[in-house]
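The values are calculated or read from the model by the stated rules, or taken from the named source; none is laboratory data. Predicted model, so just to flag it, every value in this text is computed and none were measured. Using ideal geometry, Cβ is built from the backbone for each residue, glycine included, and neighbour counts are taken over all protein chains shown. Side chains included, ligands, DNA and RNA excluded: accessible areas come from the protein's heavy atoms. Shrake-Rupley method; radii C 1.70, N 1.55, O 1.52, S 1.80 Å.
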Amino acid sequence: MCGIVGIVGRHAAAPLLFEALRRLEYRGYDSSGIATVVDGKLERRRAEGKLANLGDILERLPLAGETGIGHTRWATHGAPTEINAHPHIVGGVAVVHNGIIENFQELRRELIAVGHTFETQTDTEVIPQLVSHYLKADLSPEEAARKALSRLEGAFALALLFAERPDLLIVARKGSPLAIGIGDDEMFIGSDALALAPMTDRIQYLEEGDWAVLRHDGAQVFDAEGEPVERTVHRTALSGAFTGKGNHRHFMEKEIHEQPAVIGDTLRTFANPTNHRIVLPDLPFDPAGISRLSIVACGTAFYAGMVAKYWFEQIARLPVDLDIASEFRYRQPPLDANQAALFISQSGETADTLAAMRHVRKLGRRTLGIVNMAESTLQREADGHVRTLAGPEIGVASTKAFTTQLATLACLALGFAKARGVLGADDEARLSQALDEVPARAAEILQQDAAFERIAQSLTAARDVLYIGRGTAYAIALEGALKLKEISYIHAEGYAAGELKHGPIALIDDQVPVIVVAPPDPLFDKTASNLQEVVARGGKVVLLSDLEGVERLSSYAWASIALPQVDPFVAPILYALPVQLLAYHTAVLKGTDVDQPRNLAKSVTVE
Ligand code: F6R
């Protein structure tokens, strides 16, 4: 992952680089660093841990210089120590890098054989080693960079800074995103345009294989063959203002509480609340003309896709293949001639999801991205896209992005069903009305916050927690388990309730809380039987259902929460909130870093 920034500037670079890194911290927060050119030398400050640690160092030891580079790291090769933190400097060349150099062992051996010594365990260090090697052979920085780039295999976005050239930055993109920002006699680079938003709104996106030479007055871009190319300059609409936490303790809490509003905003782009009709946006394929749909995503976005599989199959009668992106891209599944593919991603930058999308495009099938981040690679490269209107999601654990993905997918399922002639006007009106009610029902659930906090108190001591559900609630069980493990570090698993007796039930004893996600749908009675099987083995059941469900089953449960009565169609959107709140309060009570849990990053740009 990692975030990179760079400036060929006319003002003190370090404060600007630091501010840009704050905006990129979602990409990694293991360590960070900044290097600038000062009087013909490279000066550097680096810190292990969160970006705030680098901030403290910069306050004590400010960094001069108007040209520089910065990095926030998510470790791939080498522990997240200060020595492994970027920028890496070798012989007057500094580099920041996002991605993985796959042939680094080979290059390292080659360079050691000719006398180079390495000081880090990173794959990145081979880059400045190679460039300085070529500089010593009297190549210019441009020639040395070009020659070094041609030796690198893998995925990368990188920026090179040279001690003797305060007027120069060389950058390259292969597999990882990179944006160039154009200022007034100043140039900027960043992993995304958001990082550059306070400095400029004029952005060029490098394309696959591009590299560029930046000087104060502009960027000269070359394609993979070394031919000069022009890349369009966009005016970005991304705001320079950085969102705060408001009155909330954490971004995650704020984002959970924003859900009624952002689900409402997202629904309004499809659903007309006055006549209860769904209007599809422009799509890159005709939903009536496709035979199958592939849905591909990672993590929480994958679970949104899993709910959508039930919706598209049941409501639109459209067969769906559901895949985790990292499996799909190498499985190379045969696709029907009329198969389209849908990719779901909050960031729009997830490496595996992008690779899967590019694979499908290469096969000549149409691709649709469901994406939250405007101007992201998925939005730009898919044949078409639909934006979820969650707004910036800063907490690493996805919450409002998930429920707005669900809201979007629910509308698409209804729109597809209409287009395919399998949804009558009455059903359309009933289901669309159920969607209209979601924001208000979500607000009611949030008012029960204290009840979730009480239950969370007894989850903190658990070693393992199980989540079970059937149908779309199975996907919510999986999402609930993911949320709990990623922010509270408690081991948790989600299971299809009917699958429990095929193995996982052996885990149950009186120490294991089992969260039963049981909305009032046609599968309720089946889930109720599975709940009884858990109780019979001493499991501590936490029941999530509506009032009727709770009245029927609460005497067996150790704790239960009655959620608003809703149409089963929209239940997965609403039942996502309780599992988010349970995870959030458990993590807060355990004292973990809720917004930036260990080992994770918001945007996963490596495979
Ligand atoms: C979990 C979480 C991750 C992401 C996954 C995909 O809370 O946030 O599992 O859902 O990394 O990320 P995007 O949606 O950006 O492709």
Point to revise | Net length gained if the chain between residue 167 and residue 112 were fully extended (0.36 nm per residue, minus Cα distance) | key: 16.7 nm
Exercise for review: Quick one: divide the alpha-carbon radius of gyration of segment 243-436 by 2.2 N^0.38 Å and tell me what you get.
Suggested key: 1.00
**Study point:** Mean Cα-pair separation over length for segment 447-593, i.e. relative contact order, pairs under 8 Å, 6 or more apart, %
**Key:** 30
Check your understanding: Using the alpha-carbon centroid of each, what span in Å lies between segment 287-322 and segment 544-607?
Key -> 23
**Study point:** Gain upon complete extension [residue 502, residue 291; 0.36 nm per residue less C-alpha separation]
**Key:** 72.6 nm
Review point. Is it possible to state the helix-based mean residue ellipticity at 222 nm for the chain, with each DSSP H run of 4+ residues giving -39500 (n - 2.57), the sum divided by total residues, to the nearest 500 deg cm²/dmol? What is it?
Key: -11500 deg cm²/dmol
Review point. Helix 524-536 versus the longest principal axis of the chain: what angle, 0 to 90°, nearest 10, using Cα atoms?
Key: 80
Revision key, fill the gap. Checking rank on 544-550, 251-257, with mean other Cβ inside 10 Å and highest first, the result is 251-257, 544-550
**Study point:** Total formal charge among the other residues, if their Cβ is under 10 angstrom from that of residue 598, Lys/Arg +1 and Asp/Glu -1
**Key:** -3
Exercise for review: Label the chain by shape, choosing from rounded, prolate and oblate, from the square roots a ≥ b ≥ c of the eigenvalues of the Cα gyration tensor; if a/c is under 1.5 it is rounded, and otherwise prolate applies when a/b is larger than b/c, oblate when it is not.
Suggested key: prolate
Practice item. Taking H placed 1.01 Å from N in the peptide plane, check which residues at least 5 places from residue 489 or on another chain put their amide H under 5 Å from its amide H. Key: none
Review point. Volume per residue, Å³, of the convex hull around the alpha-carbon atoms of segment 198-297?
Key: 239
**Study point:** Whole-Hz ³J(HN,Hα) from phi, Karplus 6.51 cos²θ - 1.76 cosθ + 1.60, for segment 167-184, glycine and proline x
**Key:** 9, 9, 9, 10, 10, 8, 9, 9, x, 10, x, 8, 10, 9, x, 9, x, 8
Exercise for review: For residue 136, go through the lysines and keep the ones whose alpha-carbon is under 27 Å away, minus same-chain ones fewer than eight residues off.
Suggested key: 41, 147, 174
Practice item. Amide H neighbours of residue 96 under 5 Å, at least 5 residues apart or on other chains, H built in the peptide plane: list them. Key: 159
Point to revise | For segment 3-235, average projected area of the Cα convex hull in nm² | key: 11.0
Point to revise | Surrounding net charge for residue 539, when Lys and Arg each add one and Asp and Glu each subtract one, Cβ distance under 9 Å | key: -1
Exercise for review: Quick one: order 501, 483 from most to least accessible surface, probe 1.4 Å.
Suggested key: 501, 483
Review point. In whole Hz, what ³J(HN,Hα) sequence does segment 151-166 give by Karplus (6.51, -1.76, 1.60; θ = phi - 60°), x for Gly and Pro?
Key: 8, 8, 10, x, 10, 7, 10, 8, 9, 10, 10, 10, 4, 9, 10, x
Study note, to complete from the structure: In Å, the Kirkwood estimate of hydrodynamic radius for segment 53-151 over Cα pairs equals 14.5
Practice item. Between beta-carbons, use under 10 Å as the cut-off and find the net charge around residue 206, counting Lys and Arg +1, Asp and Glu -1. Key: -1
Check your understanding: Cα centroid distance between segment 224-282 and segment 424-487, in Å?
Key -> 22
Point to revise | Bins of 10 Å, starting at 0 and running to the largest distance - Cα pair percent for segment 3-74 | key: 24, 57, 18, 0
Review point. Mind listing the phi-derived Karplus ³J(HN,Hα) values for segment 306-315, rounded to whole Hz, using 6.51, -1.76 and 1.60 with θ = phi - 60°, and x for any glycine or proline?
Key: 5, 4, 5, 4, 4, 5, 4, 6, 7, 8
Point to revise | Extension gain, residue 509 back to residue 279 (0.36 nm per residue minus Cα-Cα distance, nm) | key: 77.8 nm
**Study point:** Proximal lysines to residue 501, defined as alpha-carbon separation beneath 17 angstrom and excluding residues fewer than eight positions away on the same chain
**Key:** 526, 540
Exercise for review: Beyond 18 Å between alpha-carbons counts as too far, so tell me which of 400/590; 254/602; 245/483; 254/400; 485/590 fall in that bin.
Suggested key: 400/590; 245/483
**Study point:** Spin-label model distance (nm) - residue 321 vs residue 208, 7 Å beyond Cα toward Cβ
**Key:** 2.0
Exercise for review: Please list, in chain and number order, the residues 5+ apart from residue 154 or on another chain whose amide H is under 5 Å from its amide H, with Hs placed from the backbone.
Suggested key: 102
Revision key, fill the gap. Square roots of five times the C-alpha gyration tensor eigenvalues of segment 311-372, ordered largest first and given in whole Å, equal 18, 15, 11
Review point. By how many degrees, between 0 and 90 and to the nearest 10, does the Cα long axis of helix 259-268 differ from the longest principal axis of the chain?
Key: 90
Revision key, fill the gap. For segment 438-588, the Cα convex hull volume per residue in Å³ comes to 91
